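Derivation of every value follows stated rules applied to the coordinates shown; laboratory data play no part. All values reported here derive from a predicted model rather than from experimental measurement. Note that we place each Cβ from the backbone using ideal geometry, even for glycine, and neighbour counts take in every protein chain shown.
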Amino acid sequence: MTNSLTILGCAANRQISGLDNNVTSGYLLKVGERLVLFDCGGGVTGAFLRYGFDFTKVSEIFISHTHPDHVTDLPLFVQSIYLTKRKDRLGLYLPEDFTEPFDRYMRALYMFPETFPFEFTVEGYHGAITHEGEGYTIRTIPNSHLSRFVERVDKFGGDNKLLCHSFLIEVAAGQSSTGPTKAFYSADLASFEEIRPYLDGCAYVLVDSTHVDADRILDYMKDADIGTMIFTHLGDENEIARLREKIARSGLDRVLLAEPGMTLEL
């Protein structure tokens, strides 16, 4: 399998997870020999190793937003890359309000980018951007998941800009092994409607199951022009059971629940 998207972790919370493997958000794109990580929640570094991936092949990391279940393992993951003594550049793309706090945090952990044996670039992003990689394109799609925290930020202070993004991933036709070239990772959402315009023609859509209406998504899938919808960001055992029952009642074989280690061919 040349090009793929692997689910390293898909639990919404490590303490109440209904999954046997309670790793939180982490999704790994493989295009040729290059690896691109989307989110780096608790347990992602261990899962990366468990599924046999190579830290020297990671070229870029994208973080959707700064809730702990999407970013907790990031320093450990970067340190693991550092320990390989690789020479190739590593690009890290963060919501722009997190670049300075992350730099301070790294230094507090005695991780000084100036000592890395490779070029380590940290770029803040905000809103819709298009990133061209070698054989792939990544578009960031802003969403309003964090807007519910505006009163807390105003009341308690902080430099938070309430930034959260979804990702549209396109693998170039020359790199694709089977034909379908697009996948979508929603990260956390406030509304399914925010991402709906970007889904047509996707081979796979990995969608947040915690913060959106599953019935609305199942209804959409009856006529949707996409390959497979995969519910991720899964909750406790009862929540997973309810979601599984809804999928069964829908009769849709193009809707699945995410599983740790699930690999999707692109």
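Figures for the structure shown
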quantity	calculated
Relative contact order of the chain, pairs being alpha-carbon contacts under 8 Å that are 6 or more residues apart, as %	20
Hz values of 3J(HN,Hα) by residue in the stretch 64-69 - Karplus curve (6.51, -1.76, 1.60), Gly and Pro given as x	6, 6, 9, 5, x, 6
Directionally averaged projected area (convex hull, Cα atoms, the stretch 142-266), nm²	9.3
Lysines whose Cα lies under 30 Å from that of Lys161, excluding same-chain neighbours fewer than 8 positions away	Lys182
The stretch 158-173 - phi-based ³J(HN,Hα) in whole Hz, Karplus 6.51/-1.76/1.60, Gly and Pro as x	x, 9, 4, 10, 6, 8, 9, 9, 9, 9, 9, 10, 10, 9, 4, 4
Inter-label distance for Thr137 and Glu123, nm, one decimal - labels placed 7 Å from Cα along Cα-to-Cβ	1.5
FRET E, pair Ala248, Ala108, Förster distance 51 Å, beta-carbon r, rounded to 0.05	0.60
Cβ-based exposure ranking for Lys246, Lys161, in which fewest neighbours within 10 Å come first	Lys161, Lys246
Neighbour-count ranking [beta-carbon atoms within 10 angstrom, fewest first] of Ser147, Ser64, Ser80, Ser209	Ser147, Ser80, Ser209, Ser64
Cα-Cα separations in the stretch 1-151 greater than 26 Å, expressed as whole percent	23
Karplus (6.51, -1.76, 1.60) ³J(HN,Hα), θ = phi - 60°, over the stretch 124-129, in Hz, Gly and Pro reported as x	x, 10, 7, x, 7, 10
For peptides 128-138, 84-94, sequence by mean Cβ density within 10 Å, most packed first	84-94, 128-138
Net length gained if the chain between Ser80 and Glu33 were fully extended (0.36 nm per residue, minus Cα distance)	15.1 nm
Label assignment, Cα extents along the principal axes in Å derived from the structure, set [x] 55, 51, 35; [y] 59, 45, 35; [z] 51, 43, 35	[x]
For the chain, with +1 on Lys and Arg beta carbons and -1 on Asp and Glu, the positive-most of Phe38, Ile195, Ser59 along the dipole	Ser59
